[in-house]
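Below is one structure; the comments refer to it alone.
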Amino acid sequence: MAGPNCLCGHGSLVESLNWTDDYFVKMIKKVATENIKHMAPKASSVRAFGKYQDEVHKTLVWSGSCSSWYKRGTVDGRVTHLFAGSAVLFRSQLCDIRAEHYDIVYNSGNPFRLLGNSFTEWEMQGDADLGWYVEVANREPKEYSGDDRAWTAE
């Protein structure tokens, strides 16, 4: 989990591992719930990110003329092991899966098969308020709670 471009040189290594683990769990949930057979980073995205990292590293102290493990033991080599940015930026990039940077292959020929029978589990419950979206006078508007299984009034 602490491979290339990690926070092992700045910020909290332990916390960055927690953030990375949370990201992996999001990826696993995505694969498990969206009918995905496999996914891999796009080669073009990997190249673009590497180019970005190289340009930013030129402006940071880690590119100075000294021999270091994060430059593979060279004095003026490429910084390969450190994220080119702050811990806050690193964390922000792990909040959401940027699916546009992945090649995704689905189990079926139709990526929308994940929609199943076109109903949510919540809708199939006998006590579900299927008219929650209809505005009624003197009733608080309903807002999405962040849980795909239910909507709640807040």
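The values are calculated or read from the model by the stated rules, or taken from the named source; none is laboratory data. None of these values were measured; they are calculated from a predicted model. Backbone-built Cβ (ideal geometry, glycine too); neighbour counts: all protein chains shown.
When the range 16-36 is filtered for residues that are in contact (Cβ under 8 Å) with a residue 60 or more places away in the chain and either assigned to a loop (DSSP other than H, G, I, E, B) or of a type in the set (D, E, K, R) (or both), the ones remaining, listed by number, are 22, 26, 30, 34, 35. When residue 52 is tested against the conditions (1) out of contact with any Pro (no Cβ under 8 Å at 6 or more places or on another chain); (2) farther than 22 Å from residue 95 by Cβ; (3) not small (Gly, Ala, Ser), the lone failure is (2). Scanning the range 56-90 for residues being in a helix (DSSP H, G or I) and touching a Ser or Thr at 6+ places or on another chain (Cβ under 6 Å) gives a total of 1.
The set of residues in the range 5-22 that are closer than 30 Å to residue 107 by Cβ and surrounded by fewer than 16 Cβ atoms within 10 Å (Cβ to Cβ) comprises 21, 22. Considering the conditions (1) assigned to a strand (DSSP E or B); (2) without any contact (Cβ under 8 Å) to a residue 12 or more places away in the chain, residue 39 is excluded by exactly one of them, (2). Restricting attention to the range 91-123 and to residues that are small (Gly, Ala, Ser) and in a helix (DSSP H, G or I), the residue that is farthest from residue 19 (Cα to Cα) turns out to be 99. Among the numbered criteria (1) farther than 30 Å from residue 7 by Cβ; (2) modelled with pLDDT of 90 or more; (3) surrounded by 12 or more Cβ atoms within 10 Å (Cβ to Cβ), which one does residue 49 miss? Looking at each condition in turn, residue 49 falls short on (1).
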